[in-house]
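A quick write-up on the structure given underneath.
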């Protein structure tokens, strides 16, 4: 086993699930969620991992596969996603995914419709297109809002998005535990040692779990494959988006904006398919149906 980097890239599927999605490391996820939610009371004490695969009500409905799906001791539900690349209609997908833990709370008989809170957390390795012109806000927390009275209308459904490229603090500029978390997520792969500011117990465990030299041969092989998929995905989207935007703009001028966006997605999907990226990942990244991708 030849180790190139000291620590893994947390944005790969293997890495994210190893650090946050397994029982021995649930204290790492608990610490992150508590810091993210910043609740003075009712901190999460424990979590239970739930099946990440959620089926539709009928065989013909689209299913959802979460990166991590869990609940705390109060039965509040958490969907945690590490999104590697920009995806058309990503916000729409977030809303759709949140409907599964809502529907799963339905009870037969005399149920009074009381719901437990549902949180959808997106750790994004990209910036929303509408936010490109502003670096002021990278931590978005969204709830149902009543515009008439300028107050939250419903606080049991929360969407939290972290646009990681916008987080630019250096190690010397870190002030809070939350800053430390964001710095680790953003820079872990490029670190060669543990910074003095990150010597807390929870980060000591995270660094130990993330050290590639501690992997056995099977883990290392799985990580390398996951890393290759991540890099291929990024490279394919970066290059294809340029071509797709150009084609999409040209076609959009002739046939309308919607057709232009479709052309862009098809171009990106074609490039990704040439890199042997699985159709499921291409579908999540472009919004195209798997049937459409298989025909390319």
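List of remarks:
- Set 161, 154: member being part of a strand (DSSP E or B) and either under 24 Å from residue 234 (Cβ atoms) or touching a helix residue (DSSP H, G or I) at 6+ places or on another chain (Cβ under 7 Å) (or both): 161
- Annotation: residue 84 fulfils all but one of (1) surrounded by 11 or more Cβ atoms within 10 Å (Cβ to Cβ); (2) farther than 20 Å from residue 210 by Cβ; the unmet one is (2).
- Residue within region 26-36 that is at pLDDT 90 or above, outside the structural domain of residue 283 (by TED's automatic domain parsing) and in a loop (DSSP other than H, G, I, E, B) present: no
- Remark: residue 229 falls outside the filter, which requires a residue to be surrounded by 14 or more Cβ atoms within 10 Å (Cβ to Cβ) and over 23 Å from residue 19 (Cα atoms).
- Residue check, residue 2 out of contact with any helix residue (DSSP H, G or I) (no Cβ under 8 Å at 6 or more places or on another chain), more than 27 Å from residue 115 (Cβ to Cβ) and modelled with pLDDT under 85: yes
- With respect to (1) under 19 Å from the mean Cα position of the chain (by Cα); (2) surrounded by fewer than 11 Cβ atoms within 10 Å (Cβ to Cβ); (3) at pLDDT 80 or above, the lone exception for residue 69 is condition (2).
- Only one of 136, 103, 83, 87 that is in contact with a helix residue (DSSP H, G or I) (Cβ under 6 Å, 6 or more places away or on another chain) and modelled with pLDDT under 95: 87
The values are calculated or read from the model by the stated rules, or taken from the named source; none is laboratory data. All values reported here derive from a predicted model rather than from experimental measurement. No Cβ is skipped: glycine too gets one built from the backbone with ideal geometry, and neighbour counts run over all protein chains shown.
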